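Notes follow the structure.
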Amino acid sequence: MADSFTTMQDTVVDCRASGTATERASEVPARALLSRVEDIEQEYGQSVPGLLRRIVVAAVVKNPWVGRRVDDLSPGVESMHRELAPALIQRLVSHAGGKERIEAFGKGVIVGIGGEVEHGAALIHTPHLGDLFRMAVEGTSIIAFGELRAEAGAVLSIPMWHTRAAATRSHYQAAEVHIPDAPRPDEIVVALAASTGPRPFARIGDRLTD
Amino acid sequence: MKVRKLVTLVQETQAEGGEPLSSPATVAFAGAVITNPWAGRGFVEDLSPSINESAPRLAELLVPRLISVLDRPVEAYGKAAIVGVNGEIEHGSGLIHTLQFGDPFRNAVAGTTLLPAVEKRAAAGTVFDIPLKHITDMTIRSHHQTFEVRVADAPHPDEILVGLAAATGGRPHARLREFGSDPS
């Protein structure tokens, strides 16, 4: 097992360091990238007006810190997100049909059981991902998030809230990420989520109406 | 036909077995969660009126959605029908095993072979695996592959989840002997 981890790590490093763009799948340091789009047409038998789309994009990456104690995680974060953050954001916005459509957002991470939860936190609670995401959708809120350390195939529910008014209850909602074969013990799943609107037929009032 | 939800999944594999791929191995799924057209009607002997109504519309809905998320031509395909627990598997089979559903997909991707399928009756959130095979030659082993799907809240007991899956290539780093060349 340990050998294959080493191979995976070396390969990812190698494929970024050499060769031309056409000689490899992409610059993104991920084993796999996943996108999930759900369009909600009806809720409880009633048609939902407009396009209500929830999107999750996720990347399966090698945990750069697995198996050793690392105090300063920032070089690994910066190196990872040079390509990863733009790739995830681009896919998310593209599935939404444009940044102006995104009203709620969230982020999530599943750390494989060989890693520290802190490793996952480092990859999502960073300006190298969060600020880029916020700017890309012209948001101002901090980004809702979920963290989990788990075996491959775990389901993580990623919370979302409004991109500019986090206390807006109508936009509290969640979307799931679930990848059958990830994360392996030495991998991390990094995910972003977005919604183009509120919950269908949101009607639980607000802080001002309680 | 009442559509509650549409789901699209895209998986881009960039490395397998620790070796990077020269281009991503992409597999995608497009599915629709619809009200079972036969729900609440007891045993319906002749399924064809509702099949004729729903199957072409499902194809119209799903084929373009699936193709739009793929950046290269489709080389392998498959389909799925997951029936909510109040229905008959026959209901799901009715909707997908008809030329009215399969032909628009085959024609859109210039396929000629049968679409491999999964049919299942299950509760919402069930995991199902869609088998895929090559679009013009079912004996091409490199393109035998499976794609897993789960929709947390579907199908409800009176719903059916109908889906199509497509891949732009074979398995990552496929390297099995060709059909018919195995040592005896």
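The values are calculated or read from the model by the stated rules, or taken from the named source; none is laboratory data. Note that the structure is predicted; figures quoted are calculated from it, not measured. Note that we place each Cβ from the backbone using ideal geometry, even for glycine, and neighbour counts take in every protein chain shown. The protein model used for the area step is the full one, side chains on, heavy atoms only, and it has no ligands, DNA or RNA in it. Shrake-Rupley method; radii C 1.70, N 1.55, O 1.52, S 1.80 Å.
Exactly one residue out of B:Val74, B:Val118, B:Val85 is part of a strand (DSSP E or B), of a type in the set (Val, Ile, Thr) and touching a strand residue (DSSP E or B) at 6+ places or on another chain (Cβ under 8 Å), and it is B:Val118. Taken together, the criteria place B:Ala15 among residues that are of a type in the set (Gly, Ala, Ser), closer than 30 Å to B:His173 by Cα, facing chain A (nearest Cβ under 9 Å) and crowded, with 22+ Cβ neighbours inside 10 Å. Considered as a group, the residues in the stretch A:40-64 that are open to solvent by less than 10 Å² (accessible area, probe 1.4 Å) and touching a helix residue (DSSP H, G or I) at 6+ places or on another chain (Cβ under 7 Å) include one that is farthest from A:Ile102 (Cα to Cα), and that residue is A:Asn63.
Within the stretch B:126-142, the set of residues being open to solvent by less than 20 Å² (accessible area, probe 1.4 Å) and not in a strand (DSSP E or B) comprises B:Ile135 only. Would a scan of the stretch B:68-91 turn up a residue that is open to solvent by less than 60 Å² (accessible area, probe 1.4 Å) and within 14 Å of another protein chain (Cβ to nearest Cβ)? Yes, that holds for at least one residue. Is it fair to say B:Ile34 is more than 23 Å from B:Thr136 (Cβ to Cβ) and in contact with a Leu (Cβ under 7 Å, 6 or more places away or on another chain)? No, not satisfied.
Can you tell me which residue among A:His178, A:His171 is buried (at least 21 other Cβ atoms within 10 Å of the Cβ), more than 15 Å from the chain's Cα centre (by Cα) and not aliphatic (A, V, I, L, M)? Steps first, please.
On the way: A:His178 fails: more than 15 Å from the chain's Cα centre (by Cα).
Among A:His178, A:His171, only A:His171 is buried (at least 21 other Cβ atoms within 10 Å of the Cβ), more than 15 Å from the chain's Cα centre (by Cα) and not aliphatic (A, V, I, L, M).
A single entry from B:Ala174, B:Ala166, B:Ala108 fulfils the requirement of being open to solvent by less than 60 Å² (accessible area, probe 1.4 Å) and in a loop (DSSP other than H, G, I, E, B): B:Ala174.
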